[in-house]
Amino acid sequence: MKKVFFAILLCAGLAEGSAQLHLGAKAGANLTKIDGEAFRDKFELGYQLGGFAYYDFSKTLGLQLEVQFNQSNTKIEERYSEVLFNAFDKKKKLNYISVPVLLRVNTQGLITIVGGPQFSFLANSDDTLLQNSGRLFKKTDFGLVAGVEVNFKPFILYGRYTWGFSKISDVGDSPKSRQIQLGLAMKIF
């Protein structure tokens, strides 16, 4: 009898706890710039697709975990491509699998503030030097994300800024990525 009572309490607790767990999908645009003398100093358009899960610990605080495919585009500066005799295209597509781990601050209404670390892994690092300059870019990137979400249940409009802390290439003077993300998410439950 005690086991049945314990199982009922456990199921009731899980059902109540699952009301605070939310899953969803997201898509949007990336504007990426790589700081460093070898790269063009302007934002280039890319895209992102992914999913998220978040759990609210209280009415004001929660934790959000995401997995995203991020395409970051950049261009090598003219003077560096000329040195390499135009052996490869100056436009580079860096495809990252990014995993942000974000603290959520809920304002009890329309706005949610998010922030935390992001770990990214270069998915196309096996491309050859001629295909995408695979050897020019490091396989990982670490950054910090801060952003705002506007909640129109079940849709979420979001904007974020990502500061890359890792040196992502050995070309030039310590290149680091900067990214603006704008997009739309949909909470599934």
Review point. When residues of the stretch 39-54 are filtered for being loosely packed, with under 15 Cβ neighbours inside 10 Å and basic (Lys, Arg), how many remain?
Key: 1
Review point. In the stretch 112-122, is there at least one residue being modelled with pLDDT of 70 or more and over 30 Å from Gly24 (Cβ atoms)?
Key: no
Practice item. Just need a number here: residues in the stretch 107-122 that are more than 30 Å from Phe137 (Cβ to Cβ) and surrounded by fewer than 18 Cβ atoms within 10 Å (Cβ to Cβ). Key: 6
Review point. Going by the conditions given, is Thr32 open to solvent by less than 20 Å² (accessible area, probe 1.4 Å), modelled with pLDDT of 90 or more, over 23 Å from Phe155 (Cβ atoms) and not small (Gly, Ala, Ser)?
Key: yes
Practice item. Filter the stretch 133-159 down to the residues that are within 18 Å of the chain's Cα centre (by Cα) and not in a strand (DSSP E or B), then identify the one that is modelled with the highest pLDDT. Key: Lys139
Point to revise | Residues that are in contact with a Leu (Cβ under 9 Å, 6 or more places away or on another chain), open to solvent by 40 Å² or more (accessible area, probe 1.4 Å) and assigned to a loop (DSSP other than H, G, I, E, B), drawn from the stretch 160-189 | key: Phe165, Asp170, Ile188, Phe189
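The values are calculated or read from the model by the stated rules, or taken from the named source; none is laboratory data. Because the structure is predicted, anything quoted here is derived from the model rather than measured. So basically every Cβ, Gly included, is an ideal-geometry build from the backbone, and we count neighbours across all protein chains shown. Areas reflect the complete protein model, heavy atoms only, side chains present, ligands, DNA and RNA absent. Shrake-Rupley method; radii C 1.70, N 1.55, O 1.52, S 1.80 Å.
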